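> Sharing a structure below in structure tokens format, with a few things to ask.
FYI, it's all coordinate maths here, none of it is from the lab. Model, not experiment: these values are computed from the prediction. Every residue, glycine among them, receives a Cβ derived from its backbone with ideal geometry; neighbour counts consider all protein chains shown.
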Amino acid sequence: MSSDLIRVENLTVGFGGKSLMKDVGFTVAAGEVFVILGGSGCGKSTLLKNMIGLYRPMAGRIFIAGEDIVQATGDGKRAIQRKFGVAYQAGALFGSMNLIDNIGLPLEEYTGLDAAARELTARMKLSLVGLAGFEQRMPAELSGGMQKRAAIARAMALDPAILFLDEPSAGLDPITSAGLDELILRLARNLGITFVVVSHELQSIFTIADRVIMLDKRQQGIVAAGTPADLRDNSPNPWVRQFFNREAP
Amino acid sequence: MLGGRLDAAGVAPLWPEARAALAAQSGRAVVVDAAGVEYCDGAGLAFLVDLLRQERPAEAAVRIVGLAERFDRLLAQFDVEQFRQPLVRPVVDDSLLHRIGLASLELAADLKTQVAFIGEAGRALAAAARSPGRVRWGDALAIAEEAGVNALPIVTLVAFILGVILAYQSAVAMRQFGAEVYVADLIGISMVRELAPLMTAILLAGRSGAAFAAEIGTMRVNEEIDALSTFGFDPVRFLVVTRVLAALAVTPLLAVYADVVSIAGGALVLLSFQVPLATYFNEVFTLVGMSDLFTGLFKCGVFGVVIAGIGCLRGLQTGSGAAAVGISTTRAVVSALVLIVVVDGSFAIVFYHLGL
Ligand SMILES: Nc1ncnc2c1ncn2[C@@H]1O[C@H](COP(=O)(O)OP(=O)(O)OP(=O)(O)O)[C@@H](O)[C@H]1O
Ligand SMILES: [Mg+2]
């Protein structure tokens, strides 16, 4: 077994017998910030949902900390899923609970913390994403960007070793989005948390990404992989170079 | 003195102990030596912040020393002062009087919106009657299929059982007088005039009234209704007219079907009481007249309109969030049932005075 925390092998994903991505493989090392990039509709969210075990791939294997989430079922699968947190593209907060309870729910279920400790932990997560003061709000009473940030706070509730974020900064203003980048870096560098982030924001990719893969719809696979600077300067694919040069710092 | 891994599993047992220890040392300065901490995640940080946030006199402050720099950097993100203030729960006046008052206000407001909605829906229906070409007949047809054709199995089941039970129970009683044959009259009249329309209406409320509310409610939550209005579409014309027309069309048809099925169910029972089929149906057809059938069907049409209308109204009134859709659906079914009873009762009085 290698030291890769996440290892994707010969993965084919799609819907209804039609593949979106064929024979894709990559690895993510522990403590790395790994960014998935690609045009709208190319299947980034679908890839992510396969990696977290929500969809079953058409072929291939996905190892998370050495265990294959594709083959796992029932309790085995839930045990793997406990290792990571996910912030979905559309937020997916529990609409019938306020923010504190959204974050407190997994804490209550999976930790031995008492109510006061859970409340403080949840408040601190919310303050990390700039939502101090909104603890008692219901998700429906928040703006789209605030829901997004609350979803990230919820994904961090159990301090998982891996965080999957689907377009965390989409719809956020540049300052909030830069704050989020800083948070990701702080957590990765100081706690060794591994991030798998779907993102389009070049600025943010150059700030946070250790490595990037770029997916393409027509080629149904990875067209480029490497560090952002590497792709900008040395990619054999002129289209990739152009993409990274567009507004690169 | 702190050491080891400060994660959720590590701090959970430590936390109450530490709080108690701090409380015991309330007059003295406390220095927490965190040099031994190997790991400190969000739960660990919460633990440290909790120690720091305790309200204590200045000379008895809590200090944390020796925390590794990478954890200290994470701890520095938090403003301890901010977490001293307890979360203020919004105060609600929970007294009985207050709640009665609120409920009455709500009821009054609800009646007002219902009247306004009847007006709006009526206007939209009138517009539809004037220019039928503008009605979205494709949608209406699909809704009619869902609310009507797809309801056939459940209507069959309930109508059949109802016919069988009614026939059996009355036949047992009538047999004492040797009057089994009159069970046919009883089933015919009560089914055609009253029970089949009522049963159809209740099933429609449970199936389609709820579905309309959930569907339109989800559209409201997803801002689809807003999108419709900003395109200049009238949501009532777009969503309500089709549903009301569909329900108006299918409810009487379902009721006729329920009449047939339940009377057939009764026939089977009476067969076992040695009443021949020919006698039974002869009895039914001579006694149950066209006026019985038409009063039943007319009622059904009104039920259909009321159920679809209230379902749509509850859907349009949906608040925000997934829970709101559930509330709307419940309210749609309850309101529909109440209205069915009210309408049925009113018809009984009107028909009586008209001598129908
Ligand atoms: N549940 C589904 N059933 C069928 N097809 C789907 C489903 N979800 C997504 N798709 C299709 O799969 C493709 C990829 O969708 P996906 O959501 O993964 O895109 P994406 O790369 O995340 O795009 P974006 O950047 O816009 O979020 C799209 O063409 C979409 O139509
Ligand atoms: Mg997506």
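> Quick one: Cα centre-to-centre distance for region A:142-156 and region A:39-112, in angstrom?
Using only Cα atoms, the two centres lie 16 Å from each other.
> By count of other Cβ within 10 Å, fewest leading, how are B:6, A:126 ordered? Mind showing how you got there, number by number?
Numbers: B:6 25, A:126 22.
Starting with the residue having the fewest Cβ neighbours, the order is A:126, B:6.
> OK, next. Using a Gaussian network model of chain A with C-alpha springs under 10 Å, which one of A:71, A:89, A:220 is most mobile by mean-square fluctuation?
A:71
> Oh, and also: Whole angstrom only: what separates the Cα centroid of region A:211-249 from the Cα centroid of region B:27-46?
Region A:211-249 and region B:27-46 have Cα centres spaced 44 Å from each other.
> Report the far tail of the P(r) of the protein assembly as shown, meaning the percent of Cα-Cα pairs longer than 45 Å.
Tail fraction, whole percent: 43.
> Let me check the size of region B:109-354 from its C-alpha atoms; what are the radius of gyration and Dmax in Å?
Rg and Dmax of region B:109-354, Cα atoms, are 20.4, 70 Å.
> With 28 Å as the limit, write out which pairs from A:83/A:217; A:44/A:77; A:77/A:148; A:148/B:112 have Cα-Cα distances beyond it, or answer none.
Where the Cα-Cα span goes over 28 Å, the pairs concerned are A:83/A:217; A:148/B:112.
> Can you give the Kirkwood hydrodynamic radius of region B:102-164 from its Cα pairs, in Å with one decimal?
When all Cα pairs of region B:102-164 are included, the Kirkwood radius is 15.3 Å.
> How charged is the neighbourhood of residue B:307? Take every other residue with its Cβ under 15 Å from the Cβ of residue B:307, and add Lys/Arg as +1 and Asp/Glu as -1.
Computed value for this residue: +2.
> Calculate, in nm to one decimal, what residue A:9 and residue A:82 gain on full extension: separation in residues at 0.36 nm each, minus their alpha carbon distance.
24.1 nm
> For helix B:210-221, report the angle its Cα long axis makes with the longest principal axis of the Cα atoms of chain B; keep it between 0 and 90° and round to the nearest 10°.
Tilt of helix B:210-221: around 40 degrees.
> Counting pairs of alpha carbon atoms under 8 Å apart in space and at least six apart in sequence, what relative contact order in percent does region B:3-84 give?
RCO, region B:3-84: 38 percent.
> For region B:133-186, which chymotrypsin sites (Phe, Trp or Tyr not before Pro) are in a loop by DSSP, counting at most 14 other Cβ atoms within 10 Å?
For chymotrypsin sites (Phe, Trp or Tyr not before Pro) across region B:133-186 that sit outside H, G, I, E and B with at most 14 neighbouring Cβ atoms in 10 Å, the list reads B:177.
> Relative contact order (percent) for chain B, with alpha-carbon contacts under 8 angstrom and 6 or more residues of separation?
19
> Hey, another quick one. Quick one: if the Förster radius is 30 Å, what FRET efficiency do residue A:19 and residue A:203 give, using the C-beta to C-beta distance and rounding to 0.05?
0.40
> In degrees from 0 to 90, rounded to the nearest 10, what is the angle of the helix B:277-287 Cα long axis to the longest principal axis of chain B?
Between the helix axis and the principal axis of chain B, the angle is about 90 degrees.
> Just report the Cα centroid separation between region B:261-340 and region B:188-247, whole Å.
Here the two parts' Cα centres lie 15 Å apart.
> Next question, about the same structure. Go ahead and set up a Gaussian network model of chain B, Cα springs under 10 Å, then flag whichever of B:74, B:96, B:248 fluctuates most.
In this elastic network of chain B, the residue with the biggest mean-square fluctuation among B:74, B:96, B:248 is B:74.
> Give me, ordered by chain and number, the residues 5 or more places off residue A:226 or on other chains with an amide H under 5 Å from its own placed amide H.
Residues meeting the amide H criterion: A:212.
> In addition: Counting other Cβ atoms within 10 Å of each Cβ, which GluC sites (Glu not before Pro) in region B:46-98 have at most 15 and sit in a DSSP loop?
B:55
> Continuing with the same structure: Which whole-number percent is the relative contact order of chain A (Cα, under 8 Å, 6+ apart)?
Numbers: 449 pairs, mean separation 60.5, N = 249.
Value for chain A: 24 percent.
> What do you get when you divide the Cα radius of gyration of region B:219-344 by 2.2 N^0.38 Å, with N the number of residues?
In units of the globular-protein estimate, region B:219-344 measures up at 1.49.
> Using the count of nearby Cβ atoms within 10 Å as a rough guide to exposure, how do B:30, B:341, B:325 rank from fewest to most?
B:341, B:30, B:325
> Please check: in the Gaussian network model of chain A (C-alpha springs, under 10 Å), which one of A:91, A:171, A:43 has the largest mean-square fluctuation.
Highest fluctuation among the options: A:171.
> Right, something else. Determine the dipole magnitude for chain A: charges of +1 sit on the beta-carbon of Lys and Arg, -1 on that of Asp and Glu, nothing else is charged, the reference point is the Cα centre, and the result goes in debye to the nearest 20.
560
> Based on DSSP H runs of at least 4 residues, each adding -39500 (n - 2.57), what is the mean residue ellipticity at 222 nm of the protein assembly as shown after dividing by all its residues, to the nearest 500 deg cm²/dmol? Working shown, then result.
Values: 23 runs with 338 residues, N = 605.
After summing the helix terms and dividing by the residues of the protein assembly as shown, the value is -18000 deg cm²/dmol.
> What angle, in degrees between 0 and 90 and rounded to the nearest 10, separates the Cα long axis of helix B:42-53 from the longest principal axis of the Cα atoms of chain B?
60
> What number does chain A give for Rg over Rh if you use C-alpha atoms and the Kirkwood radius? Could the numbers behind the result be given before it?
Numbers: Rg = 18.0 Å, Rh = 18.7 Å.
Rg/Rh: 0.96.
> Only counting other Cβ atoms within 10 Å, I'd like B:353, A:200 sorted with the fewest neighbours first.
Values: B:353 8, A:200 15.
Placing the least packed residue first, the sequence is B:353, A:200.
> Can you give the local net charge around residue B:174? Use residues other than it whose beta-carbon is closer than 13 angstrom to its beta-carbon, Lys and Arg +1, Asp and Glu -1.
-2
> Something else: Considering only the other residues whose Cβ falls under 15 Å of the Cβ of residue B:347, what net charge follows from Lys and Arg at +1 and Asp and Glu at -1?
Taking every other residue near residue B:347 into account, the sum is -1.
> A follow-up question, please. Where Rh is the Kirkwood radius over the Cα pairs of region B:3-84, the temperature 37 °C and the viscosity 0.692 mPa s, what D in µm²/s does Stokes-Einstein return?
Values: Rh = 12.9 Å.
The estimated diffusion coefficient comes to 254 µm²/s.
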